[in-house]
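*Asks:* Right, I'll just put the structure down here and ask away after.
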Amino acid sequence: MAHLSQGRTLEAAIGTHDNGFNLVRLVCALAVVVYHTWMMNVAEPMRDPITRFLNPNTDLGAVAVGVFFVISGMFVSRSWMGDPHLGRFAARRVARIVPGLFVCLLVTTVVVVGFFSTFGWAGLFESAPWRYIFGNTVLHGLVYHIPPEHLRIAGVLGGQPLNGPLWTLYWEGRMYVMVALIGLAAALPLRTWMRGVALFLLLAANVYPEVVSGYVWETRMWSLFLTGIVLQTMAPDVRIGWRHVACALALVLLNWTRSADQTPSPLTWFGIALVAVTLALC
């Protein structure tokens with residue numbers, strides 16, 4: 001009974017479909033939609049209420065993406081650790097992303113070109129919509145800089161991006177490559193090796209960002225993906241419940257008056273991420 005009262009381990013939760021990770025993903029996806037709905041209001045651009053509360057440290061979309069990246073770090077590193085084979089790992093990653101992404105891009109592009117462009121349905125016979133669809137389906141080869149004209153279609157939605165959050169997938173893909181490279185270079189038992197390398201990169205990214213600048217576009221999100229890897233390596237012994245959420249909230253409250261006195265906001269990015277990720281894992 002004592003063991004049950006502590007809740008199951010993170011490993012037990014990840015290893016079954018009987019968990020709330022799909023619900024967490026749904027909540028985060030809806031949060032991203034809400035954030036972009038407010039931001040892409042061309043008539044009167046504004047911020048959603050939660051973003052106004054989190055400002056200037058972060059916004060609702062970044063918090064949701066951050067939670068996504070922690071979960072992704074856990075599941076992608078688990079995939080490699082369960083089957084450390086480069087070809088099968090790559091095939092699983094492609095199967096996980098590409099089919100759904102292609103259908104999403106195809107449907108949304110056909111709709112916006114047909115109804116919200118200066119060309120109407122005739123625009124579908126031009127090359128630009130298809131370059132947009134196929135270029136984004138293959139994540140533009142994971143290049144660091146993607147030309148703006150490849151992320152939007154001239155004459156469609158007044159030149160606005162068709163899919164605001166799409167850019168995160170290019171960086172997600174680069175992190176998949178990073179996991180594979182860490183795994184292929186393993187010189188210790190895999191769990192120990194991945195934990196050590198993830199902790200090293202986590203430290204390097206925050207103390208000396210130029211060390212890993214080739215894969216860092218935003219140290220916060222990179223750090224959260226690495227945190228997911230660390231959590232996965234500790235998953236057999238980790239149990240996260242409401243007690244941990246309460247402790248995270250207590251830390252935020254203890255820092256509240258200091259931050260309010262010395263910064264524009266009583267919140268900090270660390271506190272926001274700590275609460276959001278702990279709550280998601282709980």
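*Asks:* For region 238-257, which positions are of a type in the set (G, A, S) and without any contact (Cβ under 8 Å) to a residue 12 or more places away in the chain?
*Replies:* If the condition is that a residue be of a type in the set (G, A, S) and without any contact (Cβ under 8 Å) to a residue 12 or more places away in the chain, then A246, A250 are the ones that fit.
*Asks:* G100 versus (1) closer than 30 Å to S127 by Cβ; (2) small (G, A, S); (3) in contact (Cβ under 8 Å) with a residue 40 or more places away in the chain: which is the lone unmet condition?
*Replies:* Result: G100 fails condition (3) only.
*Asks:* Can you pull out every residue in region 109-133 that is surrounded by 13 or more Cβ atoms within 10 Å (Cβ to Cβ) and small (G, A, S)?
*Replies:* G114, S117, G123, A128
*Asks:* Taking the residues in region 234-267 that are assigned to a helix (DSSP H, G or I) and among the polar types (S, T, N, Q) as candidates, determine which candidate is surrounded by the fewest Cβ atoms within 10 Å (Cβ to Cβ).
*Replies:* Of everything passing the filter in region 234-267, Q262 is surrounded by the fewest Cβ atoms within 10 Å (Cβ to Cβ).
*Asks:* Does at least one position in region 197-217 carry a residue that is within 30 Å of T37 (Cα to Cα), in contact with a strand residue (DSSP E or B) (Cβ under 8 Å, 6 or more places away or on another chain) and either open to solvent by less than 30 Å² (accessible area, probe 1.4 Å) or not acidic (D, E) (or both)?
*Replies:* No, region 197-217 contains no residue that is within 30 Å of T37 (Cα to Cα), in contact with a strand residue (DSSP E or B) (Cβ under 8 Å, 6 or more places away or on another chain) and either open to solvent by less than 30 Å² (accessible area, probe 1.4 Å) or not acidic (D, E) (or both).
*Asks:* Report yes if some residue within region 151-159 is open to solvent by 70 Å² or more (accessible area, probe 1.4 Å) and not in a helix (DSSP H, G or I); otherwise report no.
*Replies:* Checked region 151-159: at least one residue is open to solvent by 70 Å² or more (accessible area, probe 1.4 Å) and not in a helix (DSSP H, G or I).
*Asks:* Inspect all residues belonging to region 63-81 and state whether any of them is assigned to a loop (DSSP other than H, G, I, E, B) and either basic (K, R) or surrounded by 14 or more Cβ atoms within 10 Å (Cβ to Cβ) (or both).
*Replies:* no
The values are calculated or read from the model by the stated rules, or taken from the named source; none is laboratory data. Everything quoted here is computed from the prediction, not taken from an experiment. Cβ atoms come from the backbone with ideal geometry, glycine included; neighbour counts cover every protein chain shown. With ligands, DNA and RNA removed, areas are computed over all heavy atoms of the protein, side chains included. Shrake-Rupley method; radii C 1.70, N 1.55, O 1.52, S 1.80 Å.
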